[in-house]
Amino acid sequence: MWEDRDRFVLSKGHGCPILYAAMAKSGYFPEEEIYTLRKINSRLQGHPDHVRFPFIETSSGSLGQGLSVAQGMAIAAKLNHKKYKIYCLLGDGEIQEGQIWETAMSAPKFQLDNLVAIIDANQGQIDGHTRDVMDLAPLKKKWEAFNWDVQEINGHEFHEILTALDKAQLERKKPHMIIANTVKGKGVSFMEDNIEWHGVAPTPEQRDKAIKELNDKVLKG
């Protein structure tokens, strides 16, 4: 692997289907292998597996650990005088874990401006809405209080995502946090903001209905 590449850590490891899809589209493995997702002996399990896929930066899925791994990579880059960036995608449910806040304290101490964390702030987790399970508000002020450079964006708007990532390239001697506000199941009428769909697969009929609704929205612009 290219030593100076940027790194991506999917801390919310259960979001791996989209990672697998992106990797297949990028030519890391045949696209038809996608259909083996979570099947016995498949490389495409329900959480990313660095053993099966050495080109994935780390195994993840034990929630709350990914940011610490990303911080370790960022420290290594600093020690080795490397310029690559480390990007870490978190779920807002997982940031209730104490290990997250240990990294929240230590990353600014080490001035890890090569670390960019993104929170998928969809307000939901498997047990319910985050506000009911363990309220995270005020989220932006919390990260600012820990001395992170914080941006808050609409996570469904690509221009806002790209602008935030560009802004995070600026050197500030601080780690960067992008809070991407999203809606679970966005664009699918029967899934939007419905916690029941957190870990449930749709029936073939529901799948077809969801795809049609999403395609209709794309065609309408």
Furthest towards positive pole of dipole, Phe158, Val133, Ser106, structure part the range 96-164, Cβ charges: Ser106
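For the range 7-182, what is the charge dipole size about the Cα centre, in debye to the nearest 20, if Lys and Arg each add +1 at the Cβ and Asp and Glu each add -1 at the Cβ?
640 debye
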Degrees between helix 66-79 axis and first principal axis of the chain (Cα, 0 to 90, nearest 10): 40 degrees
Between the range 150-216 and the range 80-109, the Cα center-to-center distance that results, in Å: 20 Å
Cα gyration tensor of the range 7-182 - equivalent ellipsoid semi-axes, whole Å, descending: 26, 20, 16
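Would you mind counting up the charge near Gly46? Only other residues with Cβ under 14 Å from its Cβ, with Lys and Arg at +1 and Asp and Glu at -1. Spell out each step's value before the answer.
Values: positive: Lys12, Arg38, Lys39, Arg43, Arg52; negative: Asp49.
The answer is +4.
By counting other Cβ atoms within 10 Å of each Cβ, how are Lys39, Lys167 ranked from fewest to most? List each step's numbers first, then the result.
Working: Lys39 10, Lys167 13.
Arranged by neighbour count, lowest to highest, Lys39, Lys167 become Lys39, Lys167.
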Antiparallel %, DSSP beta bridges [both residues in the chain], to 5: 10 percent
Most positive-pole-ward Cα, Cys88, Leu37, Leu63, against dipole of the range 17-96 from beta carbon charges: Cys88
Protection proxy ranking of 6-12, 169-175, 53-59 - average other beta-carbon atoms within 10 Å, highest first: 6-12, 53-59, 169-175
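Only the coordinates and a few stated rules stand behind these numbers; no lab work does. If you're wondering where the values come from, they're calculated on a predicted model, not measured in any experiment. Cβ coordinates were reconstructed from backbone atoms using ideal geometry, including for glycine residues, and neighbour counts include every protein chain displayed.
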